[in-house]
1. For a quick check of your reading of the filter: which chymotrypsin sites (Phe, Trp or Tyr not before Pro) in the range 188-245 sit in a DSSP loop and have no more than 11 other Cβ atoms within 10 Å?
2. GluC sites (Glu not before Pro), restricted to the range 215-255: which are DSSP loop and have at most 12 other Cβ atoms within 10 Å?
3. In the range 52-93, carbon and sulfur make up what percent of the accessible area (probe 1.4 Å)?
4. For the range 211-239 and the range 138-185, what is the separation of their C-alpha centers, rounded to whole Å?
5. Sorted from largest down, what three extents in whole angstroms do the Cα atoms of the range 185-228 have along their principal axes?
6. How much area per residue is accessible in the range 224-269 when the probe is 1.4 Å and only protein heavy atoms are counted (Å²)?
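The values are calculated or read from the model by the stated rules, or taken from the named source; none is laboratory data. Owing to the predicted nature of the structure, the values given are computational and were not obtained by experimental measurement. As a convention, Cβ positions derive from the backbone with ideal geometry for all residues, glycine included, and neighbour counts pool all protein chains shown. Keep in mind that these areas ignore ligands, DNA and RNA; they rest on the heavy atoms of the full protein, side chains included. Shrake-Rupley method; radii C 1.70, N 1.55, O 1.52, S 1.80 Å.
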Amino acid sequence: MTDRKTGFALALSGALALAVLLVASCRDRGFRTADFNYEEAFLLKKDRGDALNIDVHLEYPRSGFEQEVLDGMTRAILSAAFDLEDEPTTVEETCRKYVENLKDEYFTEFGNIPDEDEGEMDGDILRSDDFVDWQYSWDDHLNGYFAGSHNGYRSYIVEYSGYRGGVHPLQGLTAIVLEDATGNPVPEETFFADGYAEGISALLKKYLEEEDPEAWGEVLDQKGLCPNGNYAVSESGVTWFFQPFEVAPFTVGLVSVEVPWDDLAPYLP
């Protein structure tokens with residue numbers, strides 16, 4: 001989680017921590033990427049410590065394919081990372097719109113609270129001496145990165161964590177598989193052959209029980225442990241991801257199951 005004192009200092013000074021850093025590391029076929037980083041805290045009131053803390057890190061493609069393919073990959077990444085009504089444009093512009101939407105939502109929700117409260121009761125919440133209240137501070141974190149490739153396909157992962165004043169943060173992971181030939185995301189039903197779901201469901205149950213018996217013992221919805229479209233490829237196999245609460249209690253966290261390619265062979269086109 002972002003250091004709030006650092007975030008507050010950035011906001012108070014009016015600084016914007018925004019950078020695009022080229023990554024020198026090479027990938028297959030000369031594939032190179034860049035990192036986009038944005039971090040800022042927006043104070044709710046000038047005399048309070050409550051704030052909207054935003055932290056975004058996105059890896060995106062820079063070279064190694066035709067520009068049309070790179071643009072397709074970038075659009076898919078932005079669509080997976082940000083929930084925007086408009087068609088994604090550049091990484092910078094899409095992030096700017098995302099931040100503006102969050103700011104509007106945050107200040108619409110809490111912008112009318114008093115500037116000072118001297119530690120008095122506000123409903124059933126006792127406000128702290130330094131004017132920082134858990135219910136008035138939001139955190140929003142996005143982390144996106146490439147994560148493995150196989151036979152002309154490559155995976156991208158977006159991790160999300162957001163706090164909105166509840167008992168625990170909202171957490172999630174979105175995985176997409178991109179086609180090297182087009183840059184487009186590949187739906188699960190296209191990647192696998194017709195009728196794949198039943199056989200792969202059995203493999204998911206088998207491998208989760210073998211590799212993570214503790215998580216398997218907590219699974220509340222075995223029928224839900226089936227191909228869900230949230231998948232990633234690597235040289236060793238295909239991994240499916242299940243969000244907290246999707247098949248198990250929140251305390252279990254994210255559930256992931258990898259199935260080796262050898263076992264998946266009957267279900268590939």
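1. Details: sites: Phe191, Phe192, Tyr196, Tyr207, Trp216, Tyr231, Trp240, Phe241, Phe242, Phe245; in loops: Phe192, Phe245.
Within the range 188-245, no chymotrypsin sites (Phe, Trp or Tyr not before Pro) qualify (loop, at most 11 other Cβ atoms within 10 Å).
2. Values: sites: Glu218, Glu235, Glu246; in loops: Glu235, Glu246.
Those that pass, being in a loop and sparsely packed, are Glu235.
3. The value for the range 52-93 is 38 percent carbon and sulfur by accessible area.
4. 17
5. 32, 18, 17
6. Working: 1880 Å² over 46 residues.
Roughly 41 Å² per residue, with all protein chains present.
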